[in-house]
Amino acid sequence: MRIAVNYSRTLSVAGLLVVGLWGGSAVAAQAPAGTLTFEQAWAAALAQTPAMLKARAQVAEATGAVKEARGHLLPKLDASFTGSGSNNGLNVFGMKLQQGNATYNDFGAGGYTGPASLFNKPANLNDPGWYRNYESKVQLQIPVYNGGKIWAYLRKAQAYLSAARSGDTAARQKLTLQVLQAYEGVRAAQAFVGVANKAEAAAESYVQITNKLYKRGVVSRNDQLRADLNLGNAKLRASEARAQLAKAIEQLRVLTGLPDSEPIKVAQALHVKVPDASLAELQREALVENPGIRALGLQLQGAQAGVQAARADYLPHFNIVVSHQWDDASFGIGGRPSSTVAGVLTWNLFDFGARSGALDQAQAKTNLQTAKLRSAQDQLRLKINSAWHDVRLAKERVQVRKLAIRQSKEALRLERLRYEKGVATMTELLATQAELDKARGDLVKAQYQEIMQRAGLLLGIGRLTPHAISARAS
């Protein structure tokens with residue numbers, strides 16, 4: 001039984017001890033000491049698998065985006081400090097005005113000597129020399145109206161946050177399926193080892209019986225050779241089953257992150273209960289409850305909000321700016337204070353298609369997301385249809401395999417009696433034994449398929465949580 005899993009081996013010790021994470025597990029039966037329960041395996045995998053770490057990071061990223069969008073709705077307070085110097089007449093005079101240091105002499109009043117000097121160029125005004133200004137400023141910007149752009153960004157961020165949370169739920173349910181697959185894979189491999197051991201024991205008994213009958217002259221040397229060959233094949237199949245079990249255990253170990261030094265033994269028999277509902281009802285439920293479909297729907301809402309944000313650029317924007325500053329000729333905090341209040345209205349009337357291009361991109365993303373959602377919905381309907389029929393077929397298959405074992409056991413009993421009386425051949429006996437071995441193996445396979453197909457149906461309708469998995473008698 002091969003279970004393809006590729007996860008990190010790092011295990012959080014706390015993760016293995018977690019009980020009842022994400023609503024808790026319904027696996028309540030006590031497992032024998034020294035065995036790994038499904039609940040423990042799921043908790044360990046939840047704590048360290050890359051898929052779950054990625055899902056958590058996406059939720060954290062989306063949470064930060066919502067926080068950022070909300071922040072843009074509120075006033076923005078900036079503080080700045082500017083040091084500048086100039087010998088430009090206009091700049092120098094402006095600096096002195098800001099500092100409250102302007103004098104009549106800055107206009108050249110000292111060079112006035114009468115009406116004849118009115119046409120002289122004032123040196124202090126035209127060539128003031130190098131002058132410095134140090135400005136400390138606090139500015140408050142209050143958004144009043146931005147065409148609904150900020151609110152659209154907030155709706156977009158909130159939609160993506162909800163989508164990330166649905167994605168986290170979907171990742172948890174997929175992880176539940178993977179852990180169940182690996183856990184049941186080990187149980188199936190253990191059962192195959194048991195089947196192989198029974199076949200080996202039967203082959204050994206046939207060797208003993210054949211040797212006795214050969215000594216009595218009831219069977220030929222050929223039967224002895226066939227019995228020995230059958231025993232060798234049975235031992236080989238038992239070795240192959242044990243090797244397959246070791247591979248299945250390693251796959252479960254990688255998924256849970258358990259160290260190589262810790263042995264893994266699985267003894268819990270599990271049952272997955274599926275709802276007793278019609279196919280149409282399950283398909284309708286899946287389209288509403290499946291977290292993957294919900295995530296795509298929320299991403300579509302986010303894309304639609306992006307279109308609204310792009311359209312907001314066509315509308316005027318109005319903000320209020322309140323500032324207070326201090327200007328001084330010497331370095332430091334302080335100086336002459338002044339305040340300014342301004343209302344700023346901006347309206348981009350023409351931009352050579354920049355806004356139109358942004359709007360086209362946003363609309364295209366919406367169309368693409370709509371196509372993804374519809375495609376996923378169609379695929380989900382088909383998966384639910386297939387899973388619903390497979391679940392019923394799997395149950396019937398298990399019942400048929402159990403009946404086949406009962407019949408094969410009886411047939412083998414009768415064939416063995418016939419062989420011991422010299423009526424049947426070793427070939428006939430071994431063929432009957434092979435039918436029983438095959439029936440036992442088919443039952444193990446059918447039981448594994450049944451629980452995995454049930455789990456697949458629950459995954460499709462968004463109900464595959466640890467609560468859906470219960471312990472049953474082996």
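When we screen Arg381, Arg311, Arg294 for residues that are closer than 19 Å to Ala152 by Cα, among the basic types (Lys, Arg) and either open to solvent by 80 Å² or more (accessible area, probe 1.4 Å) or part of a helix (DSSP H, G or I) (or both), the only hit is Arg311.
Anything in region 127-157 that is outside any loop (DSSP other than H, G, I, E, B) and either open to solvent by 100 Å² or more (accessible area, probe 1.4 Å) or in contact with a Cys (Cβ under 6 Å, 6 or more places away or on another chain) (or both)? List them, or say none.
Arg132, Tyr145, Trp151, Tyr153, Arg155
Quick check: is even one residue across region 62-80 part of a strand (DSSP E or B) and surrounded by 12 or more Cβ atoms within 10 Å (Cβ to Cβ)? Within region 62-80 (the criterion being part of a strand (DSSP E or B) and surrounded by 12 or more Cβ atoms within 10 Å (Cβ to Cβ)), the answer is yes, since at least one residue qualifies.
Among the residues making up region 314-353, those that are over 22 Å from Asn146 (Cα atoms), assigned to a loop (DSSP other than H, G, I, E, B) and of a type outside the set (S, T, N, Q) are Ala329, Phe331, Gly332, Ile333, Gly334, Gly335. Filtered by the rule that a residue be under 20 Å from Gln325 (Cα atoms), in contact (Cβ under 8 Å) with a residue 12 or more places away in the chain and not in a loop (DSSP other than H, G, I, E, B), region 92-126 gives Val92, Phe93, Met95, Lys96, Gln98, Gln99. Candidates are the residues of region 47-71 that are modelled with pLDDT under 90 and aliphatic (A, V, I, L, M); the one that is farthest from the chain's Cα centre (by Cα) is Ala47.
From Ile293, Ile320, grab the single residue that is touching a residue at least 12 places away in the same chain (Cβ under 8 Å) and touching a strand residue (DSSP E or B) at 6+ places or on another chain (Cβ under 6 Å).
Result: Ile320 is the single residue among Ile293, Ile320 that is touching a residue at least 12 places away in the same chain (Cβ under 8 Å) and touching a strand residue (DSSP E or B) at 6+ places or on another chain (Cβ under 6 Å).
Keeping to region 197-232, report how many residues are open to solvent by 60 Å² or more (accessible area, probe 1.4 Å) and of a type in the set (Asp, Glu). The number of residues fulfilling the criteria is 2. Does Val322 fit the bill of being among the β-branched types (Val, Ile, Thr) and open to solvent by 50 Å² or more (accessible area, probe 1.4 Å)? Taking the combined requirement at face value, the residue satisfies it. When each of Lys265, Lys235 is tested for being surrounded by fewer than 18 Cβ atoms within 10 Å (Cβ to Cβ) and out of contact with any helix residue (DSSP H, G or I) (no Cβ under 7 Å at 6 or more places or on another chain), the lone residue that passes is Lys265.
Based on what the data block shows, is Gly232 small (Gly, Ala, Ser) and touching a residue at least 40 places away in the same chain (Cβ under 8 Å)?
No.
Do we find a residue being crowded, with 17+ Cβ neighbours inside 10 Å, part of a helix (DSSP H, G or I) and under 22 Å from the mean Cα position of the chain (by Cα) anywhere in region 426-433?
No, the conditions are met nowhere in region 426-433.
Residue check: Gly343 meets all listed conditions (1) at negative phi; (2) open to solvent by less than 40 Å² (accessible area, probe 1.4 Å) but one, namely (2). Annotation: of all residues in region 358-372 being over 23 Å from the mean Cα position of the chain (by Cα) and aliphatic (A, V, I, L, M), the one that is surrounded by the most Cβ atoms within 10 Å (Cβ to Cβ) is Ala362. Only one of the numbered conditions (1) at pLDDT below 90; (2) under 30 Å from Arg294 (Cα atoms) is not met by Phe107, and that is (2).
For every residue, the table says whether it meets (1) at pLDDT 90 or above; (2) of a type in the set (A, V, I, L, M, F, W, C).
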| residue | (1), (2) |
| --- | --- |
| Gly185 | yes, no |
| Ala189 | yes, yes |
| Asn197 | yes, no |
| Tyr206 | yes, no |
| Gln224 | no, no |
| Leu229 | yes, yes |
| Lys235 | yes, no |
| Ala248 | yes, yes |
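Looking at (1) of a type in the set (Ser, Thr, Tyr); (2) without any contact (Cβ under 8 Å) to a residue 24 or more places away in the chain; (3) buried (at least 18 other Cβ atoms within 10 Å of the Cβ), which is the one condition that is false for Tyr419? Just one mismatch for Tyr419, condition (2). Among the residues here, Ala404 qualifies as touching a residue at least 24 places away in the same chain (Cβ under 8 Å), under 30 Å from Ala455 (Cβ atoms) and either of a type outside the set (A, V, I, L, M, F, W, C) or out of contact with any Cys (no Cβ under 8 Å at 6 or more places or on another chain) (or both). Check whether at least one residue in region 86-97 is touching a Lys or Arg at 6+ places or on another chain (Cβ under 9 Å) and surrounded by 15 or more Cβ atoms within 10 Å (Cβ to Cβ), and report yes or no. Yes, region 86-97 contains at least one residue that is touching a Lys or Arg at 6+ places or on another chain (Cβ under 9 Å) and surrounded by 15 or more Cβ atoms within 10 Å (Cβ to Cβ). The sole residue among Ser386, Ser375 that is free of Cβ contacts under 8 Å to residues at least 60 places away in the same chain, open to solvent by 40 Å² or more (accessible area, probe 1.4 Å) and within 20 Å of Leu177 (Cβ to Cβ) is Ser386. Could you list, in sequence order, the residues of region 170-193 that are within 19 Å of Gly292 (Cα to Cα) and among the charged types (D, E, K, R)? Listed by number, the residues that qualify are Arg172, Lys174.
The values are calculated or read from the model by the stated rules, or taken from the named source; none is laboratory data. A quick note: this is a predicted structure, and the numbers were derived from the prediction, not measured. Backbone-built Cβ (ideal geometry, glycine too); neighbour counts: all protein chains shown. SASA here: full protein model, heavy atoms, side chains in, ligands and nucleic acids out. Shrake-Rupley method; radii C 1.70, N 1.55, O 1.52, S 1.80 Å.
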